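Visitor: A single structure is presented below for examination.
The values are calculated or read from the model by the stated rules, or taken from the named source; none is laboratory data. What you see is a predicted model; the values in this text were computed from it and never measured. Neighbour counts run over all protein chains shown; Cβ positions are idealised from the backbone, glycine included.
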Amino acid sequence: MPELPEVEITACLIDAAVAGGEIESALAPGINALKTFDPPLTALTGRRLQHVGRRGKLFVIDVDGDLAILIHLMSAGRLQLFDSRASLRDRTSRFLLRLTDGRELRLREFGTRQRAWVKLLRAADLDAEETLAELGPEAWPDPPDFGELLDQPRPLYALLRDQHVIAGIGRSWVDEILHTAMVSPFKRGSDLDEDEARRLRETTIQVLGDAVAHYEAGLSLPIPDKLPMPLTVHRRNGEPCPRCGDQLEAVFYEDYVMCYCPTCQTDGKLLKDRRLSRLLK
Ligand SMILES: [Zn+2]
């Protein structure tokens with residue numbers, strides 16, 4: 001599940017490898033992957049890739065001729081650069097950028113659902129694009145003051161993952177950030193005092209920055225289909241807490257799981273299992 005660190009490192013590696021490369025053709029084999037029709041994909045032919053960057057969990061690829069490609073991996077996508085072209089049998093391919101030097105930038109998606117998407121936009125229309133226009137400030141490397149940013153009566157677990165509030169954090173890294181900060185996932189943003197807000201901001205920068213550094217040290221292209229994430233708490237329920245050794249617990253939701261350490265984060269209290277409470281209603 002790619003979040004800010006995974007998208008950041010992918011963008012950096014691909015940018016270093018393809019910036020300046022010339023596009024031979026663009027194809028969208030995924031039935032629903034391409035969400036725009038004007039400009040058409042043929043507008044990319046003969047254009048050069050200028051920069052591969054990131055906003056929140058999205059890729060923004062600047063192309064000369066004032067074009068921009070916006071890519072959202074959703075939960076199971078990967079943006080990968082290959083030295084050769086995809087076999088037409090590759091059912092994971094959603095969007096392909098073929099370069100004149102024979103390489104191919106491929107948006108692939110694993111799993112059963114097709115949710116990853118691509119938009120080809122005029123550069124002038126990029127900022128007004130609905131997903132980007134609604135993004136909050138970047139969670140890394142320098143987010144604004146958390147006291148103001150998170151001043152809402154909603155649990156931190158939901159607030160930090162809300163891309164409209166702060167951009168880049170998802171289900172995996174929110175567990176790591178809150179555990180490192182030793183804050184309860186259910187504490188409300190508006191209940192943070194000045195000191196807690198400052199420490200949570202610093203922890204967010206540190207956890208995401210450490211993850212980017214971890215990938216920088218070990219990753220090269222193409223980004224593997226299954227990227228091992230350096231997580232110590234997320235989906236580790238039942239295992240010992242890496243800090244205190246007590247057992248990590250989890251709250252299960254319909255399609256995800258939130259992990260925390262009761263000793264480090266909730267004064268020993270177990271949080272309610274949402275699955276169970278819904279069934280009991
Ligand atoms: Zn602990």
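Visitor: Collect the residues in segment 133-148 that are surrounded by 19 or more Cβ atoms within 10 Å (Cβ to Cβ) and assigned to a helix (DSSP H, G or I), keeping them in residue-number order.
Guide: Once the filter is applied, which keeps residues that are surrounded by 19 or more Cβ atoms within 10 Å (Cβ to Cβ) and assigned to a helix (DSSP H, G or I), segment 133-148 yields only Phe146.
Visitor: Right, Leu135: out of contact with any Asp or Glu (no Cβ under 6 Å at 6 or more places or on another chain), under 25 Å from Tyr256 (Cβ atoms) and at pLDDT 95 or above or not?
Guide: So Leu135 passes the test.
Visitor: Just need a number here: residues in segment 218-229 that are within 16 Å of Pro5 (Cβ to Cβ) and either crowded, with 18+ Cβ neighbours inside 10 Å or at pLDDT 95 or above (or both).
Guide: Qualifying residue count, segment 218-229: 2.
Visitor: If you don't mind, there's one more thing I want to ask. Looking at (1) touching a residue at least 24 places away in the same chain (Cβ under 8 Å); (2) farther than 14 Å from Leu58 by Cβ, which is the only condition Arg85 fails?
Guide: (1)
Visitor: Could you say which residue among Arg54, Arg91 is among the basic types (Lys, Arg) and buried (at least 18 other Cβ atoms within 10 Å of the Cβ)?
Guide: Testing whether each residue is among the basic types (Lys, Arg) and buried (at least 18 other Cβ atoms within 10 Å of the Cβ) leaves just Arg54.
Visitor: Related question: On the given criteria, is Asp210 among the acidic types (Asp, Glu), free of Cβ contacts under 8 Å to residues at least 60 places away in the same chain and either under 28 Å from Ala76 (Cα atoms) or within 16 Å of the ligand (Cβ to nearest atom) (or both)?
Guide: It is true that Asp210 is among the acidic types (Asp, Glu), free of Cβ contacts under 8 Å to residues at least 60 places away in the same chain and either under 28 Å from Ala76 (Cα atoms) or within 16 Å of the ligand (Cβ to nearest atom) (or both).
Visitor: Additional query: Tell me, which residue of segment 270-281 that is of a type in the set (Lys, Arg) and not in a loop (DSSP other than H, G, I, E, B) is modelled with the lowest pLDDT?
Guide: From segment 270-281, those of a type in the set (Lys, Arg) are 272, 274-275, 278, 281; that's our starting set.
Going one step further and asking which of them are not in a loop (DSSP other than H, G, I, E, B), we end up with 274-275, 278.
Values: Arg274: 62, Arg275: 59, Arg278: 53.
For segment 270-281, the residue satisfying everything is Arg278.
Visitor: List every residue pair whose Cβ atoms lie under 6 Å apart, where the two residues are 6 or more positions apart in sequence or sit on different chains, the first residue falls within segment 28-45 and is touching a residue at least 12 places away in the same chain (Cβ under 8 Å), and the second residue, located anywhere, is of a type in the set (D, E, K, R).
Guide: Gly30/Arg94; Ala33/Arg94; Lys35/Lys119; Thr36/Lys119
Visitor: Quick check: anything in segment 248-257 of a type outside the set (Lys, Arg), within 12 Å of the ligand (Cβ to nearest atom) and in contact with a strand residue (DSSP E or B) (Cβ under 9 Å, 6 or more places away or on another chain)?
Guide: Yes, some residue in segment 248-257 is of a type outside the set (Lys, Arg), within 12 Å of the ligand (Cβ to nearest atom) and in contact with a strand residue (DSSP E or B) (Cβ under 9 Å, 6 or more places away or on another chain).
Visitor: So in segment 99-117, with the set limited to residues that are touching a helix residue (DSSP H, G or I) at 6+ places or on another chain (Cβ under 8 Å) and in a strand (DSSP E or B), which one is surrounded by the most Cβ atoms within 10 Å (Cβ to Cβ)? So that I can check it myself, show each step before the final result.
Guide: Filtering segment 99-117 down to residues touching a helix residue (DSSP H, G or I) at 6+ places or on another chain (Cβ under 8 Å) leaves 99, 103, 105.
Filter once more, keeping what is in a strand (DSSP E or B): 99, 105.
Values: Leu99: 17, Leu105: 26.
That would be Leu105.
Visitor: For the structure I just gave you, tell me whether Pro153 is touching a Lys or Arg at 6+ places or on another chain (Cβ under 6 Å) and more than 15 Å from Tyr260 (Cβ to Cβ). Please lay out each step first, then the result.
Guide: Numbers: touching a Lys or Arg at 6+ places or on another chain (Cβ under 6 Å): yes; more than 15 Å from Tyr260 (Cβ to Cβ): yes.
Answer is yes for this residue.
Visitor: Can you tell me how many residues in segment 258-273 are among the hydrophobic types (A, V, I, L, M, F, W, C), away from the ligand (no atom under 13 Å from the Cβ) and surrounded by 13 or more Cβ atoms within 10 Å (Cβ to Cβ)?
Guide: Looking only at that region, the number is 2.
Visitor: Still on this structure, I have one more. Scan segment 177-198 and report the pairs whose first residue is in contact (Cβ under 8 Å) with a residue 60 or more places away in the chain and closer than 21 Å to Cys259 by Cα and whose second residue is of a type in the set (Phe, Trp, Tyr) and more than 16 Å from the ligand (Cβ to nearest atom), with Cβ atoms within less than 8 Å and a gap of 6+ or a chain change.
Guide: Leu178/Tyr157; Pro185/Tyr157; Phe186/Tyr157
Visitor: Further question on the same structure: Output the qualifying pairs, or none if there are none: Cβ atoms under 8 angstrom, residues six or more apart or on different chains, first residue in segment 221-235 and farther than 17 Å from Leu208 by Cβ, second residue surrounded by fewer than 18 Cβ atoms within 10 Å (Cβ to Cβ).
Guide: Filtered contacts from segment 221-235: Leu221/Ala17; Pro222/Phe82; Asp225/Phe110; Arg235/Val257.
Visitor: So if I check each of Val233, Val212, which one is under 15 Å from the mean Cα position of the chain (by Cα) and modelled with pLDDT of 95 or more?
Guide: On the way: Val233 fails: under 15 Å from the mean Cα position of the chain (by Cα).
Testing whether each residue is under 15 Å from the mean Cα position of the chain (by Cα) and modelled with pLDDT of 95 or more leaves just Val212.
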